[in-house]
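The values are calculated or read from the model by the stated rules, or taken from the named source; none is laboratory data. Predicted, not measured: the structure shown is a model, and the values here were computed from it. Here the Cβ positions follow ideal geometry from the backbone for every residue, glycine too, while neighbour counts run over all protein chains shown.
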Amino acid sequence: MSRPRIGSASKEKDKEDKCKICDVKVSGKDKGILCEVCQGWWHCRCVKINEESYELLNMENIHWFCSVCNSGVGRILPTLTKLELKQNKLEEEMKVITADISDIKSKNEKTGSELETVKSHNSKLMDDVNKMKTEIDKQFVIMNKELECVTKRLAEQGDSDTQSNKWNDIVKRQVDESLESVTDNLQEVRRSLRETTEKAEEQRDKESRRNNIILYNVPENEEPRAEERNKADVAFCLQLFNNCLNTGVTEEDFVNVFRLGKRGDSTRPLMIQLAGYSHKNLIMESLYRLRHAETKFKKIIVAHDMTRTERAECKRLVAEVKEQADTDSSGEYIYRVRGMPGQMKIVRFRVRN
């Protein structure tokens, strides 16, 4: 790698261009070679590089390092290769995480939109109630005026007591009918408000349970301290999710792990609250691996954490499945309840011979 000399160089530059062996400047007329690591110059004759090797080194994609740097490069290059592999792996993981985040954002936006719709519906109902109240007040004012007019006319005409009583009965009947109509309208508004409030509460309850799953038939540890029993439950969950389902879930992905109900003779369900929906989704999609799991995981049932309304709907569908199975005498099909909470339906499968 010889290089041309143009103009005069500074003293510092001249010092840099001196051969590291003979300490003589490597000029543009000399055949010199540059180390790509320390940027030092050497005469080809000083490092015993012949004419043929020198021409080869001037070709593209040929690298040369001095003896000092060469020993370091030998150690650095494998490290760089490992770092590049780790970087590629991290980039792939980042792509998966980014996709999960996008999915979570999309579902959060959808939930936010549904909540906004409920709020808008509530606001509209309140407007309707206020309008109705205003209209009722107007009707009362009109009715009072009409009543005053009727009373005035009866007084002016000097009708008999019988005629007066008759008019009073007519007016009273009209007032009662109007009040009955107003009462019906108010009851309808209250009913609509109650239904809207229940829907909003159901949506909030559903959102709070979104990242939860419940495990059934998980053996309870007999340790006297609750903290030790909880550690045993967490360890069991990690074994199930990783050794059996291969989901890669860590203890940091758990927000909370606890048993449902009071401690007694029967095994209590185990509630797992996860940090993100992507972890729950990965677990639910990997449940098919339970069929080939070791014995202690065979009886484990993994279920969604459903709201009261969703549980009632699931119970109704299960009863309907049992009824259909009892009715179907052909024996060719089995019936199952499938789907996410709130979207469950009955699915029919043909029995394999």
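For the reader, a short list of remarks on this structure follows.
- Positions within the stretch 208-230 being part of a helix (DSSP H, G or I) and surrounded by 14 or more Cβ atoms within 10 Å (Cβ to Cβ), in sequence order: R229, N230
- Subset of the stretch 207-242 [in contact (Cβ under 8 Å) with a residue 40 or more places away in the chain and hydroxyl-bearing (S, T, Y)]: Y216
- Of the criteria (1) assigned to a helix (DSSP H, G or I); (2) under 23 Å from K199 (Cβ atoms), which one V321 fails: (2)
- S266 being free of Cβ contacts under 8 Å to residues at least 24 places away in the same chain, under 27 Å from D205 (Cβ atoms), in the same structural domain as E222 (by TED's automatic domain parsing) and out of contact with any Asp or Glu (no Cβ under 7 Å at 6 or more places or on another chain): yes
- Residue within the stretch 273-286 that is loosely packed, with under 12 Cβ neighbours inside 10 Å, free of Cβ contacts under 8 Å to residues at least 12 places away in the same chain and in a loop (DSSP other than H, G, I, E, B) present: no
- Counted residues, the stretch 304-337 - those being touching a residue at least 24 places away in the same chain (Cβ under 8 Å), surrounded by 15 or more Cβ atoms within 10 Å (Cβ to Cβ) and out of contact with any helix residue (DSSP H, G or I) (no Cβ under 7 Å at 6 or more places or on another chain): 7
- Filter pass, N88 being farther than 29 Å from A200 by Cα, not in a helix (DSSP H, G or I) and not acidic (D, E): no
- Counting only residues that are without any contact (Cβ under 8 Å) to a residue 40 or more places away in the chain and touching a strand residue (DSSP E or B) at 6+ places or on another chain (Cβ under 8 Å), the stretch 19-53 holds 20 of them.
- As a summary of the residue check, L260 satisfies the conditions (1) modelled with pLDDT of 90 or more; (2) surrounded by 12 or more Cβ atoms within 10 Å (Cβ to Cβ) except for the one numbered (2).
- Looking at E55, E51, E16, E12, just one residue is surrounded by fewer than 17 Cβ atoms within 10 Å (Cβ to Cβ), more than 60 Å from the chain's Cα centre (by Cα), at pLDDT below 80 and not aliphatic (A, V, I, L, M), and that residue is E12.
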